[in-house]
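Asks: I have a structure here, written as C-alpha coordinates, and I will follow up with some questions on it.
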Amino acid sequence: METLVVDHPLVAHKLTALRDVRTDSPTFRRLADELVTLLAYEATRDVRVIDQTVDTPLAPAHGVRLARPAPLVVPILRAGLGMLDGMTRLLPTAEVGFLGMIRDESTLKAQTYATRLPEDLSGRQCYVLDPMLATGGTLAAAVQFLFDRGADDVTAICLLAAPEGIAHMDDAFKGSGRPVRLVTAALDERLNEQGYIMPGLGDAGDRLYGVV
Ligand code: URA
(Lines give C-alpha, C1' and ligand atoms only; values in the text may rest on other atoms or scores of the structure.)
Protein backbone atom coordinates (compact mmCIF):
# COMPACT_ATOMS: atom_id res chain seq x y z
CA MET A 1 0.00 0.00 0.00
CA GLU A 2 1.32 3.40 -0.90
CA THR A 3 1.69 5.09 2.49
CA LEU A 4 2.24 8.76 3.21
CA VAL A 5 3.16 9.72 6.77
CA VAL A 6 2.57 13.46 6.79
CA ASP A 7 5.67 15.15 8.10
CA HIS A 8 4.63 18.59 9.32
CA PRO A 9 5.18 20.33 12.67
CA LEU A 10 1.48 21.21 13.05
CA VAL A 11 0.50 17.59 12.46
CA ALA A 12 3.05 16.43 15.04
CA HIS A 13 1.88 19.07 17.53
CA LYS A 14 -1.80 18.18 17.26
CA LEU A 15 -1.09 14.45 17.34
CA THR A 16 0.98 14.86 20.50
CA ALA A 17 -1.92 16.63 22.21
CA LEU A 18 -4.33 13.92 20.99
CA ARG A 19 -2.16 11.20 22.48
CA ASP A 20 -2.04 12.93 25.87
CA VAL A 21 -4.17 11.00 28.36
CA ARG A 22 -5.11 14.32 30.02
CA THR A 23 -6.80 15.65 26.86
CA ASP A 24 -10.54 15.77 27.52
CA SER A 25 -13.18 14.72 25.04
CA PRO A 26 -14.16 18.18 23.71
CA THR A 27 -10.51 19.04 23.11
CA PHE A 28 -9.87 15.61 21.58
CA ARG A 29 -12.73 16.17 19.10
CA ARG A 30 -11.45 19.59 18.11
CA LEU A 31 -7.89 18.35 17.66
CA ALA A 32 -8.98 15.32 15.65
CA ASP A 33 -11.02 17.62 13.43
CA GLU A 34 -8.09 19.96 12.83
CA LEU A 35 -5.68 17.10 12.26
CA VAL A 36 -7.95 15.52 9.65
CA THR A 37 -8.10 18.78 7.73
CA LEU A 38 -4.31 18.82 7.56
CA LEU A 39 -4.22 15.17 6.45
CA ALA A 40 -7.00 15.83 3.94
CA TYR A 41 -4.87 18.52 2.31
CA GLU A 42 -2.25 15.87 1.49
CA ALA A 43 -4.76 13.10 0.76
CA THR A 44 -6.48 15.19 -1.92
CA ARG A 45 -3.31 16.04 -3.78
CA ASP A 46 -4.54 13.84 -6.67
CA VAL A 47 -8.19 14.83 -6.52
CA ARG A 48 -9.51 15.11 -10.05
CA VAL A 49 -10.01 18.57 -11.47
CA ILE A 50 -10.95 19.96 -14.85
CA ASP A 51 -9.77 23.13 -16.51
CA GLN A 52 -11.92 26.19 -16.16
CA THR A 53 -11.55 29.80 -17.17
CA VAL A 54 -12.85 32.53 -14.86
CA ASP A 55 -13.15 36.24 -15.37
CA THR A 56 -11.28 38.26 -12.78
CA PRO A 57 -12.23 41.95 -12.54
CA LEU A 58 -9.39 42.51 -15.01
CA ALA A 59 -9.08 39.59 -17.41
CA PRO A 60 -9.87 35.92 -17.98
CA ALA A 61 -7.68 33.60 -15.89
CA HIS A 62 -7.03 29.93 -16.24
CA GLY A 63 -8.04 27.77 -13.28
CA VAL A 64 -9.56 24.44 -12.35
CA ARG A 65 -12.60 23.09 -10.56
CA LEU A 66 -13.34 19.71 -9.03
CA ALA A 67 -14.36 17.14 -11.62
CA ARG A 68 -17.67 15.26 -11.54
CA PRO A 69 -18.74 12.89 -10.14
CA ALA A 70 -17.96 14.50 -6.80
CA PRO A 71 -15.53 12.66 -4.52
CA LEU A 72 -17.14 10.32 -2.01
CA VAL A 73 -16.13 10.49 1.64
CA VAL A 74 -16.85 7.34 3.65
CA PRO A 75 -16.47 7.49 7.44
CA ILE A 76 -16.43 4.07 9.08
CA LEU A 77 -18.83 4.14 12.02
CA ARG A 78 -18.41 4.91 14.83
CA ALA A 79 -15.03 6.57 15.26
CA GLY A 80 -14.71 7.66 11.62
CA LEU A 81 -17.57 10.09 12.22
CA GLY A 82 -15.19 12.18 14.31
CA MET A 83 -13.18 12.78 11.13
CA LEU A 84 -16.03 13.78 8.84
CA ASP A 85 -16.26 17.53 9.45
CA GLY A 86 -12.51 17.96 9.16
CA MET A 87 -12.64 16.27 5.75
CA THR A 88 -15.71 18.00 4.31
CA ARG A 89 -14.38 21.39 5.41
CA LEU A 90 -11.82 20.95 2.64
CA LEU A 91 -14.12 19.13 0.22
CA PRO A 92 -17.52 20.75 0.79
CA THR A 93 -18.98 19.42 -2.46
CA ALA A 94 -18.07 15.80 -1.65
CA GLU A 95 -20.88 13.33 -1.15
CA VAL A 96 -20.83 11.31 2.05
CA GLY A 97 -21.57 7.59 2.31
CA PHE A 98 -21.66 5.63 5.55
CA LEU A 99 -20.29 2.23 6.42
CA GLY A 100 -20.86 0.63 9.80
CA MET A 101 -18.46 -2.19 10.58
CA ILE A 102 -18.16 -4.35 13.65
CA ARG A 103 -15.90 -7.24 14.51
CA ASP A 104 -17.67 -10.58 14.91
CA GLU A 105 -16.13 -11.85 18.14
CA SER A 106 -16.55 -15.53 17.15
CA THR A 107 -14.90 -15.31 13.72
CA LEU A 108 -12.83 -12.17 14.49
CA LYS A 109 -13.80 -10.95 11.02
CA ALA A 110 -15.15 -7.47 10.33
CA GLN A 111 -18.83 -7.48 9.42
CA THR A 112 -20.91 -4.76 7.83
CA TYR A 113 -23.93 -3.74 9.93
CA ALA A 114 -24.97 -0.53 8.15
CA THR A 115 -24.44 0.93 4.71
CA ARG A 116 -25.59 4.04 2.95
CA LEU A 117 -23.55 4.18 -0.24
CA PRO A 118 -24.20 4.52 -3.96
CA GLU A 119 -24.66 1.11 -5.65
CA ASP A 120 -22.19 1.98 -8.39
CA LEU A 121 -18.88 3.53 -7.36
CA SER A 122 -17.13 3.22 -10.70
CA GLY A 123 -15.26 6.39 -11.56
CA ARG A 124 -15.62 7.78 -8.02
CA GLN A 125 -12.64 8.88 -5.98
CA CYS A 126 -13.30 7.50 -2.49
CA TYR A 127 -11.80 8.72 0.78
CA VAL A 128 -12.28 6.31 3.68
CA LEU A 129 -12.04 7.74 7.20
CA ASP A 130 -10.99 5.49 10.07
CA PRO A 131 -8.86 6.95 12.88
CA MET A 132 -6.89 3.84 13.83
CA LEU A 133 -5.35 1.39 11.37
CA ALA A 134 -4.65 -1.36 13.92
CA THR A 135 -5.02 -4.98 12.73
CA GLY A 136 -6.31 -3.74 9.38
CA GLY A 137 -9.29 -6.12 9.39
CA THR A 138 -11.93 -3.38 9.39
CA LEU A 139 -10.23 -1.16 6.85
CA ALA A 140 -9.58 -4.08 4.50
CA ALA A 141 -13.24 -5.13 4.70
CA ALA A 142 -14.38 -1.55 4.09
CA VAL A 143 -12.10 -1.11 1.07
CA GLN A 144 -13.19 -4.49 -0.31
CA PHE A 145 -16.81 -3.35 0.05
CA LEU A 146 -16.04 -0.26 -2.05
CA PHE A 147 -14.15 -2.32 -4.63
CA ASP A 148 -17.12 -4.70 -4.87
CA ARG A 149 -19.24 -1.69 -5.82
CA GLY A 150 -16.83 -0.75 -8.57
CA ALA A 151 -14.51 1.73 -6.87
CA ASP A 152 -10.99 1.77 -8.23
CA ASP A 153 -9.49 4.80 -6.53
CA VAL A 154 -9.48 4.55 -2.74
CA THR A 155 -7.50 6.61 -0.25
CA ALA A 156 -7.69 5.81 3.46
CA ILE A 157 -7.09 8.59 5.96
CA CYS A 158 -6.11 7.38 9.44
CA LEU A 159 -4.84 9.41 12.36
CA LEU A 160 -2.49 6.60 13.34
CA ALA A 161 -1.31 3.35 11.78
CA ALA A 162 0.44 0.22 13.04
CA PRO A 163 2.87 -1.83 10.93
CA GLU A 164 0.59 -4.86 11.39
CA GLY A 165 -2.32 -3.00 9.80
CA ILE A 166 -0.25 -1.89 6.83
CA ALA A 167 1.01 -5.46 6.33
CA HIS A 168 -2.58 -6.75 6.44
CA MET A 169 -3.66 -4.22 3.81
CA ASP A 170 -0.68 -5.13 1.63
CA ASP A 171 -1.60 -8.82 1.84
CA ALA A 172 -5.28 -8.20 1.22
CA PHE A 173 -4.86 -6.13 -1.93
CA LYS A 174 -1.56 -7.14 -3.51
CA GLY A 175 -2.17 -8.24 -7.06
CA SER A 176 -5.71 -6.84 -7.00
CA GLY A 177 -4.75 -4.27 -9.62
CA ARG A 178 -6.54 -1.66 -7.52
CA PRO A 179 -4.06 0.24 -5.41
CA VAL A 180 -5.06 1.64 -2.04
CA ARG A 181 -3.33 4.71 -0.64
CA LEU A 182 -2.94 5.54 3.04
CA VAL A 183 -2.37 8.99 4.49
CA THR A 184 -1.63 9.09 8.20
CA ALA A 185 -0.13 11.35 10.85
CA ALA A 186 2.20 8.67 12.27
CA LEU A 187 3.28 5.08 11.97
CA ASP A 188 3.51 3.73 15.53
CA GLU A 189 5.56 0.82 16.87
CA ARG A 190 3.24 -2.17 17.16
CA LEU A 191 -0.02 -3.58 18.47
CA ASN A 192 -0.35 -4.82 22.05
CA GLU A 193 -2.04 -8.12 23.00
CA GLN A 194 -5.46 -6.42 23.01
CA GLY A 195 -4.96 -5.05 19.52
CA TYR A 196 -4.34 -1.46 20.61
CA ILE A 197 -1.78 0.62 18.77
CA MET A 198 1.30 1.33 20.92
CA PRO A 199 1.97 3.97 22.07
CA GLY A 200 -1.16 5.07 20.22
CA LEU A 201 -3.82 7.23 21.80
CA GLY A 202 -6.12 4.65 23.35
CA ASP A 203 -9.60 3.89 22.05
CA ALA A 204 -10.37 6.63 19.53
CA GLY A 205 -14.14 6.06 19.64
CA ASP A 206 -14.24 6.24 23.43
CA ARG A 207 -12.09 9.34 23.52
CA LEU A 208 -14.29 11.04 20.93
CA TYR A 209 -17.68 9.94 22.18
CA GLY A 210 -17.25 8.43 25.63
CA VAL A 211 -17.60 4.79 26.72
CA VAL A 212 -21.12 3.93 25.54
N1 URA B 1 -8.87 1.14 17.78
C2 URA B 1 -8.64 2.18 18.62
O3 URA B 1 -9.52 3.00 18.86
N4 URA B 1 -7.43 2.27 19.19
C5 URA B 1 -6.44 1.40 18.95
O6 URA B 1 -5.34 1.57 19.49
C7 URA B 1 -6.70 0.34 18.05
C8 URA B 1 -7.91 0.23 17.48
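The values are calculated or read from the model by the stated rules, or taken from the named source; none is laboratory data. All figures in this text were calculated on a predicted structure; none of them were measured in a lab. Methodologically, a virtual Cβ is constructed for each residue, glycine included, from the backbone with ideal geometry; neighbour enumeration extends over all protein chains shown. The area values use the complete protein model at the heavy-atom level, side chains included, leaving out ligands, DNA and RNA. Shrake-Rupley method; radii C 1.70, N 1.55, O 1.52, S 1.80 Å.
Asks: Roughly what % antiparallel, to the nearest 5, for the DSSP beta bridges in segment 1-142?
Replies: Taking every DSSP beta bridge with both residues in segment 1-142, the antiparallel ones total about 60 percent.
Asks: For the chain, what does the accessible surface come to per residue with a 1.4 Å probe? Please give it in Å².
Replies: Value for the chain: 52 Å² per residue.
Asks: Which Rg and Dmax, in Å, describe the Cα atoms of the chain?
Replies: Both quantities, over Cα of the chain: 17.6, 67 Å.
Asks: Follow-up question, since we're still on this one. Among Gly82, Leu99, Leu66, which residue has its Cα furthest toward the positive end of the charge dipole of segment 56-127, with +1 on Lys/Arg Cβ and -1 on Asp/Glu Cβ?
Replies: Leu66
Asks: Separate question: For the chain, what % of the accessible area comes from carbon and sulfur atoms, probe 1.4 Å?
Replies: Roughly 54 percent, rounded to a whole number.
Asks: For the ranges 187-197, 54-64, 109-119, what's the packing order if you count other beta-carbon atoms within 10 Å of each residue, average per peptide, and put the highest first?
Replies: Most protected by this proxy first, the peptides run 187-197, 109-119, 54-64.
Asks: Now, a different point. About its Cα centre, how strong a charge dipole does segment 84-212 have in debye, to the nearest 20, once Lys and Arg get +1 and Asp and Glu get -1 at the Cβ?
Replies: Roughly 220 debye, rounded to the nearest 20.
Asks: Counting residues in segment 1-126 as N, plug N into 2.2 N^0.38 Å and put the Cα Rg over that result.
Replies: Normalised Cα radius of gyration, segment 1-126: 1.31.
Asks: Between Val54 and Ile102, how many nm apart are label points set 7 Å from Cα along the C-beta direction?
Replies: Calculated label separation equals 4.6 nm.
Asks: In the full protein assembly as shown, how much of Arg65 is accessible to a 1.4 Å probe, in Å² to the nearest 10?
Replies: Around 110 Å² of this residue is reachable by solvent.
Asks: By how many degrees, 0 to 90 and rounded to 10, does the Cα axis of helix 9-19 deviate from the longest principal axis of the chain?
Replies: Taking Cα atoms only, the helix is inclined about 30 degrees.
Asks: Note down the magnitude of the dipole of segment 106-173 about its Cα centre, charges +1 on Lys and Arg C-beta and -1 on Asp and Glu C-beta and zero elsewhere, to the nearest 20 debye.
Replies: Around 220 debye, computed over segment 106-173.
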